[in-house]
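Structure record follows, encoded as structure tokens.
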Amino acid sequence: MTSVTTEAYEAAFDAAVAADERIEPRDWMPEAYRATLIRQMAQHAHSEIIGMQPEANWITRAPSLRRKAILMAKVQDEAGHGLYLYSAAETLGVSRDELLDKLHTGRQKYSSIFNYPTLTWADVGAIGWLVDGAAITNQVPLCRCSYGPYARAMVRVCKEESFHQRQGYELLLALSKGTPAQHAMAQDAVDRWWWPSLMMFGPPDDASAHSAQSMAWKIKRHSNDELRQRFVDICVPQAESLGLSLPDPDLRWNEERGHHDFGTIDWSELTEVIKGNGPCNEQRLGQRRRAHEEGAWVREAAAAHAAKRRTAQHTEPREATA
Ligand code: FAQ
């Protein structure tokens, strides 16, 4: 391709992004745009499937049949989200095997939040309310991402996440209104999950390596700090309705800004968790690698079955349709 043609392609790409048109898999795109999307979408997909682990830990111990059925459906939904996202990433020319290999060898990340333990049943509620709540706040703008397959996957994911957030809220409400011991369990879970949930939005804007470029490409529509602030503003009245407090003495309404001020986040904790030193990093990745190895026979059987069907179709007698 001559440089004149490349420039023409670049101009067409820039014009499409400026006009809020969607970039589709067969469209020309800068290599750095493709790489950024693969990085973010892979991290997102990995988060969905690793995110199944902390909650799945409670499926066998859910306190009622109703709660168990809800939790099983939620964990299955997360697996589904991973599949939509891996499929969407594959439209960029990478294979699912390659992405999983990068996850298993620590060359791609997943969300820091899933490296914390689920110590009590109330943690299932706190994950639904706070973690799914943060995920929705981050992902609703991704429904308008400039890359078509990612944006479309997000529409369905957000609908399901919204159900997840409500089930978490409802679970916490039941505990908060229950016995004093149940109320204390709910409060303890919120105390432990609040700050890690704020870290899900990523480093502060002045330390976010990718935000400016991703926003210029309209992959991200808002900065990490904007979305974090939006999340805090949404959570404060919800915590009040739940009858639970948020563990931040500096949290207060700022009339001038029209937002809640909140305390300083311990960014060294996020850095450590991302580096692999969180409370459960080793356990989560170990479990993921084991599940992948133990599932090898399922992938092989599915591939063999597909190959058999293809052969059968080719050798089927023609008279049947003549
Ligand atoms: N954890 O320059 P930025 C869910 C990394 S899904 C780990 O700000 P960017 C559903 C970042 O990758 C939750 N790493 O980066 C669910 C980059 O590293 P790199 C996942 C983090 O991409 C609920 C570096 O730090 N959601 O919860 C984190 O512009 C319940 C510099 O950061 C998504 O992935 C972190 N918290 O913005 C499932 C949403 N923050 O790649 C089960 C899509 C930052 O250079 C149960 N992703 N890093 O090596 C995004 O929106 C963005 O990627 C951000 C980060 C906002 C996460």
Calculate, for Glu256 and Val298, the FRET efficiency according to 1/(1 + (r/R0)^6) with r their C-beta to C-beta distance and R0 56 Å; round to the nearest 0.05.
-> 0.45
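Which FRET efficiency, nearest 0.05, do Lys159 and Arg290 yield, Cβ-Cβ r, R0 45 Å? Could the numbers behind the result be given before it?
Numbers: r = 32 Å, r/R0 = 0.70.
After rounding to 0.05, the efficiency reads 0.90.
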Rounded to the nearest 10 degrees, the helix 296-315 long axis (Cα) sits at an angle to the longest Cα principal axis of the chain of 30
Would you give the gap between the C-alpha center of region 192-216 and the C-alpha center of region 82-97, rounded to a whole Å?
-> 24
What's the angle, to the nearest 10 degrees (0 to 90), between helix 31-50's Cα axis and the longest principal axis of the chain?
-> 60
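I'd like the carbon and sulfur percentage of the solvent accessible area for the chain, probe radius 1.4 Å, heavy atoms only, ligands and nucleic acids excluded.
On the way: 9230 of 16590 Å².
It is 56 percent, rounded to a whole number.
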Gain in length, Ser268 to Ile234, computed as 0.36 nm per residue apart minus the alpha-carbon separation, to one decimal in nm?
-> 9.7 nm
Hey, can you rank 237-248, 158-169 by average C-beta count inside 10 Å, highest first?
-> 158-169, 237-248
Using Cα centres only, tell me the gap between region 269-292 and region 130-191 in whole Å.
-> 22
Give or take rounding to whole Å, what are the principal axis extents of the alpha carbon atoms in the chain, in descending order?
-> 74, 51, 38
Around His259, which amide H atoms from residues at least 5 apart in sequence, or from another chain, sit under 5 Å from its own amide H, with H modelled in the peptide plane?
-> Asn254
Contour minus Cα-Cα span, His305 to Glu24, at 0.36 nm per residue, comes to 98.0 nm
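If you stretched the chain out fully between Lys275 and Arg61, how much longer would it get, using 0.36 nm times the residue separation minus the C-alpha to C-alpha distance?
On the way: separation 214, 0.36 × 214 = 77.04 nm, distance 3.15 nm.
The Lys275-Arg61 span can extend by a further 73.9 nm.
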Treating the angle as unsigned and between 0 and 90°, give the value, to the nearest 10°, between the Cα long axis of helix 3-18 and the longest Cα principal axis of the chain.
-> 40
Consider a paramagnetic label point 7 Å from the Cα of Asp225 along Cα→Cβ; state which residues of region 265-290 have an amide N under 15 Å from it.
-> 265-267
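Taking 25 Å as R0, compute the FRET efficiency from the Cβ-Cβ separation of Thr91 and Thr6 and round it to 0.05. Present the calculation step by step, with values, prior to reporting the outcome.
On the way: r = 22 Å, r/R0 = 0.88.
Step by step, r from the Cβ atoms, then E = 0.70.
The values are calculated or read from the model by the stated rules, or taken from the named source; none is laboratory data. Values in this document were obtained by computation on a predicted structure and should not be read as measured data. Reconstructed Cβ throughout: ideal geometry from the backbone, glycine too, with neighbour counts over all protein chains shown. Remember, those area values only see protein heavy atoms, side chains included, never the ligands or the DNA or RNA. Shrake-Rupley method; radii C 1.70, N 1.55, O 1.52, S 1.80 Å.
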